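Peer 1: Pasting a structure below so you can have a look.
The values are calculated or read from the model by the stated rules, or taken from the named source; none is laboratory data. Bear in mind that the values here come from a model prediction, so they are computed numbers and not experimental data. Heads up, the Cβs are rebuilt from the backbone with ideal geometry, glycines too, and the neighbour counts pull from every protein chain shown.
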Amino acid sequence: MSEANCLSTEKGSLWRDRNFMCLWMGQSVSEMGSSITNIILPLLAITTLSATPGEIGLLRAMASIAVLLASIPSGVYIDRFNKRSLMIACDFVRAAILVTVPLFAFYDQLSIYWLYAVSFLCSVFSVAFGIAYHSYYPIFVQRKDLPEANSKIETTESAARVGGPGIGTFMAGWIGAPLTLLFDVVSYIASAVLLSFTKTDESSKVKVTKRPPLLQEIGEGFKLLYANSVLARTALTTIGSMFCLAMMNVVFLYYLISDLKISPQMVGIIFFIGEGGGLLAAILASALMRSVGSAKIMWWVVFLSPAGFLLGGAQSHPLLLPTLYLCLTSVRFVLFDIAQYSYRQSSCPLESLGKVTASIRTCIGVAAASGAIFGGWLGSVASPVASIFTATVLMCVSSLPVIFSALRHTKNIEDLPALTPLDR
C-alpha cells in the first residue's frame with residue numbers, strides 16, 4: 001500500500017484513500033439493506049404473523065442476545081486474525097441466512113420462531129463484522145482523521161436509517177415484505193465485493209505479541225475499558241442508553257401502528273423525516289466538533305435524553321410528536337456515538353482495540369436484550385406509553401456519568417488521556 005493510502009495528512013485526503021473509500025462504500029450499501037431489514041422483520045411479524053408486543057420484544061431481544069454471546073469471543077479472535085477476510089466471510093454468511101425468509105414465505109412455512117432464529121444468527125455475524133470493521137480502518141486512518149472518518153461513516157448510517165424505513169415500507173407494499181428482504185441479501189454481497197478491493201498489511205500496523213489464554217484476553221478488554229475514567233463513564237452512559245433505547249424501540253413501531261392507527265406508509269414517512277435529524281447531525285458532525293469540541297459535544301448532547309416525554313401528547317399530534325421525538329433522539333445518539341467512537345479508537349492500542357470494543361458490545365448486548373424484553377413485557381401488561389415513559393426517565397439517569405465527568409471541562413478528545421497496553 002502506498003504512503004498516500006496509509007496516511008491521511010491533508011484535508012479531504014480520505015476521499016483519495018482507496019482503502020477507506022472501498023470500505024465506506026461497502027458499509028453504506030450494507031447499512032441501507034440492514035436498515036430495511038430492521039423495519040421489515042417486525043413489520044412482517046406484526047402484519048403477517050399477528051405478533052404481540054411481547055413477541056416483538058423477543059424478536060428484538062434475539063439480536064441483543066446475539067450481541068451478548070458473540071461480542072467477547074469475536075473481539076478476542078478478531079485481534080488475532082485477518083479482519084478483511086473475516087468481514088467478507090460474514091457478509092456472505094448473512095446473505096445466505098437472510099435469503100431463507102422469502103423462501104420459507106413462498107412455501108408458506110414462515111413462523112415467528114424462524115424470524116427469531118434469523119434475527120439471532122444474522123446478529124451473531126453482524127457482531128463479528130462490526131467489531132472487525134471498527135478495528136480495521138484505524139489501521140490506515142490517522143488518529144487526527146478518525147473524527148472525520150467516523151463522521152462519514154455515521155452520515156451513511158444515518159442516511160440508511162432515514163431512507164431504510166421509507167424504502168422498506170414502500171417496497172413491502174409493492175412486492176411484499178418477504179421479497180423486500182432480498183435487497184439486504186444483495187447489499188451484503190455488494191459489501192463483500194467492495195471489501196475485496198481494500199489492500200492493507202494488517203500485521204505491519206499492529207504489534208504482534210505472544211497471545212495469552214482466551215480468558216486472560218477477555219479480562220484484559222474489561223481492564224483496559226475501566227482503566228480510564230472518561231472511557232468508563234462514556235461506556236456506562238452508552239450501555240444505559242442502549243437499555244432505554246431498546247425499551248422504546250420495541251414498542252414504538254407497535255404504538256404507531258396499533259395505538260395511533262398510522263398506516264405503514266405513513267410510518268415510513270415518520271421515520272424518514274425523524275431520522276433526518278440524525279443524518280443532518282452526522283453531516284455537520286465534523287464542523288460541530290471543530291467549533292464546539294469533540295469532547296464537549298459528548299457532554300452537551302446527553303441533555304436531549306428527555307425527548308421521549310414528547311410522545312405523551314401523540315394522541316393529539318400523532319404525526320408531529322413522534323417525528324420530533326425521532327429527530328431529537330437521532331441527533332443525540334449520532335453525535336454521541338461519533339465522538340465516543342473517535343475517542344475509543346484514538347485512545348486504545350491497536351492490538352487491543354478489538355477486545356475493548358467487544359467488552360463494550362457485550363455490555364450493550366446485555367442491556368439491549370434486557371431492555372427489549374422488559375420493554376415488551378411492560379408494553380403488554382401496562383401500555384406502550386408506560387414503557388416509553390419509564391425508558392425516558394431511565395435514559396436521563398444513565399446520562400449522569402457523562403454529565404459529571406471530565407468531559408464538561410475538556411474541549412477535544414485529543415486532550416483526554418490515552419490508554420497503554422497492560423503489562424502481562
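Peer 1: Name the one entry in LEU326, LEU335, LEU350 that is surrounded by 22 or more Cβ atoms within 10 Å (Cβ to Cβ), closer than 24 Å to GLU148 by Cβ and aliphatic (A, V, I, L, M). Steps first, answer last, please.
Peer 2: Working: LEU326 fails: closer than 24 Å to GLU148 by Cβ; LEU350 fails: surrounded by 22 or more Cβ atoms within 10 Å (Cβ to Cβ).
Residue meeting the stated conditions: LEU335.
Peer 1: Quick one: would you say PRO384 is touching a Phe, Trp or Tyr at 6+ places or on another chain (Cβ under 6 Å), over 20 Å from ARG161 (Cβ atoms) and in contact (Cβ under 8 Å) with a residue 60 or more places away in the chain?
Peer 2: yes
Peer 1: Test ILE167 against the stated conditions and say whether it is under 21 Å from VAL99 (Cβ atoms), free of Cβ contacts under 8 Å to residues at least 60 places away in the same chain and either touching a Pro at 6+ places or on another chain (Cβ under 8 Å) or surrounded by fewer than 24 Cβ atoms within 10 Å (Cβ to Cβ) (or both). Please lay out each step first, then the result.
Peer 2: On the way: under 21 Å from VAL99 (Cβ atoms): yes; free of Cβ contacts under 8 Å to residues at least 60 places away in the same chain: no; either touching a Pro at 6+ places or on another chain (Cβ under 8 Å) or surrounded by fewer than 24 Cβ atoms within 10 Å (Cβ to Cβ) (or both): yes.
Spelling it out, it is not the case that ILE167 is under 21 Å from VAL99 (Cβ atoms), free of Cβ contacts under 8 Å to residues at least 60 places away in the same chain and either touching a Pro at 6+ places or on another chain (Cβ under 8 Å) or surrounded by fewer than 24 Cβ atoms within 10 Å (Cβ to Cβ) (or both).
Peer 1: Please identify the pairs in which a residue from the range 268-296 that is on the phi > 0 side of the Ramachandran plot has its Cβ atom under 8 Å from the Cβ atom of a residue that is crowded, with 20+ Cβ neighbours inside 10 Å and part of a helix (DSSP H, G or I), counting only partners at least 6 apart or on another chain.
Peer 2: none
Every residue, every condition in (1) of a type in the set (A, V, I, L, M, F, W, C); (2) farther than 27 Å from VAL186 by Cα, yes or no:
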{"site": "LEU59", "(1), (2)": "yes, no"}
{"site": "SER74", "(1), (2)": "no, no"}
{"site": "TYR77", "(1), (2)": "no, yes"}
{"site": "LYS83", "(1), (2)": "no, no"}
{"site": "ALA89", "(1), (2)": "yes, no"}
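This table checks each residue for (1) among the small types (Gly, Ala, Ser); (2) assigned to a helix (DSSP H, G or I).
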site: GLY240; (1), (2): yes, yes
site: VAL250; (1), (2): no, yes
site: SER258; (1), (2): yes, yes
site: ILE262; (1), (2): no, no
site: ILE269; (1), (2): no, yes
site: GLY278; (1), (2): yes, yes
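Peer 1: Select from the range 89-113 the residues that are among the hydrophobic types (A, V, I, L, M, F, W, C) and within 27 Å of ILE72 (Cβ to Cβ) and list them in ascending order. Outline the logic, then answer.
Peer 2: Residues of the range 89-113 among the hydrophobic types (A, V, I, L, M, F, W, C): 89-90, 92-93, 95-99, 101, 103-106, 110, 112.
Within the range 89-113, ALA89, CYS90, PHE92, VAL93, ALA95, ALA96, ILE97, LEU98 meet the criteria.
Peer 1: List every residue pair whose Cβ atoms sit under 8 Å apart, with the two residues 6 or more apart in sequence or on different chains, where the first one lies in the range 342-361 and is farther than 14 Å from ILE239 by Cβ and touching a residue at least 24 places away in the same chain (Cβ under 8 Å) and the second, anywhere, is among the hydroxyl-bearing types (Ser, Thr, Tyr) and part of a loop (DSSP other than H, G, I, E, B).
Peer 2: Sorted first by the residue in the range 342-361, then by its partner, the pairs are SER342/SER294; TYR343/SER294; PRO349/THR420; GLU351/THR209.
Peer 1: Only one of LEU280, LEU260 is more than 21 Å from the chain's Cα centre (by Cα), surrounded by fewer than 23 Cβ atoms within 10 Å (Cβ to Cβ), over 19 Å from ARG344 (Cα atoms) and at pLDDT 85 or above; which? Give the steps one after another, and end with the answer.
Peer 2: Details: LEU280 fails: more than 21 Å from the chain's Cα centre (by Cα).
Criteria check complete, one pass: LEU260.
Peer 1: Quick one: would you say THR362 is of a type in the set (S, T, N, Q), within 24 Å of GLU220 (Cα to Cα) and touching a Ser or Thr at 6+ places or on another chain (Cβ under 6 Å)? Step through it out loud before you land on a result.
Peer 2: Numbers: of a type in the set (S, T, N, Q): yes; within 24 Å of GLU220 (Cα to Cα): yes; touching a Ser or Thr at 6+ places or on another chain (Cβ under 6 Å): yes.
Yes, satisfied.
Peer 1: Of everything in the range 219-235, what is of a type in the set (D, E, K, R) and more than 19 Å from MET298 (Cβ to Cβ)? Give them in sequence order.
Peer 2: Narrowing the range 219-235 to residues of a type in the set (D, E, K, R): 220, 223, 233.
Correct list: GLU220, LYS223.
Peer 1: Next up: It is to be established whether one or more residues within the range 324-336 are part of a loop (DSSP other than H, G, I, E, B) and in contact (Cβ under 8 Å) with a residue 12 or more places away in the chain. Show your work before the answer.
Peer 2: First, the residues of the range 324-336 that are part of a loop (DSSP other than H, G, I, E, B): none.
No, the range 324-336 contains no residue that is part of a loop (DSSP other than H, G, I, E, B) and in contact (Cβ under 8 Å) with a residue 12 or more places away in the chain.
Peer 1: If LYS144 satisfies every condition in (1) modelled with pLDDT under 90; (2) surrounded by 23 or more Cβ atoms within 10 Å (Cβ to Cβ) but one, which is the exception?
Peer 2: LYS144 satisfies all of (1) modelled with pLDDT under 90; (2) surrounded by 23 or more Cβ atoms within 10 Å (Cβ to Cβ) except (2).
Peer 1: With the requirement that a residue be without any contact (Cβ under 8 Å) to a residue 12 or more places away in the chain and within 23 Å of SER135 (Cβ to Cβ), what does the range 20-71 give you? Write out each step before concluding.
Peer 2: So in the range 20-71, the residues without any contact (Cβ under 8 Å) to a residue 12 or more places away in the chain come out as 21, 50.
Listed by number, the list holds a single entry, MET21.
Peer 1: Taking ALA172 as the residue in question, decide whether it is farther than 30 Å from LYS199 by Cβ, modelled with pLDDT of 90 or more and either in a helix (DSSP H, G or I) or charged (D, E, K, R) (or both). Give the steps one after another, and end with the answer.
Peer 2: Working: farther than 30 Å from LYS199 by Cβ: yes; modelled with pLDDT of 90 or more: no; either in a helix (DSSP H, G or I) or charged (D, E, K, R) (or both): yes.
No: the conditions fail for ALA172.
Peer 1: Looking at the range 376-398, can you tell me whether even one residue there is buried (at least 23 other Cβ atoms within 10 Å of the Cβ), on the phi < 0 side of the Ramachandran plot and in contact with a Lys or Arg (Cβ under 8 Å, 6 or more places away or on another chain)?
Peer 2: Checked the range 376-398: at least one residue is buried (at least 23 other Cβ atoms within 10 Å of the Cβ), on the phi < 0 side of the Ramachandran plot and in contact with a Lys or Arg (Cβ under 8 Å, 6 or more places away or on another chain).
Peer 1: Contact list please: Cβ distance under 9 Å, first residue in the range 298-323 and closer than 10 Å to ILE388 by Cβ and touching a residue at least 12 places away in the same chain (Cβ under 8 Å), second residue surrounded by fewer than 17 Cβ atoms within 10 Å (Cβ to Cβ) and of a type in the set (Asp, Glu), pairs at least six apart or on different chains.
Peer 2: Filtered contacts from the range 298-323: ALA314/ASP259.
Peer 1: Additional query: Sort out for me the helices (runs of 4 or more DSSP H) sitting completely within the range 43-140 that have 3 or more residues that are of a type outside the set (Lys, Arg) and more than 18 Å from GLY176 (Cα to Cα).
Peer 2: The qualifying helices (runs of 4 or more DSSP H) are 53-78, 83-98, 112-136.
Peer 1: List the pairs whose first member sits in the range 240-252 and is at positive phi, whose second member is part of a helix (DSSP H, G or I), and whose Cβ atoms are under 9 Å apart, counting only residues at least 6 apart or on separate chains?
Peer 2: Hits for this filter: zero, empty list.
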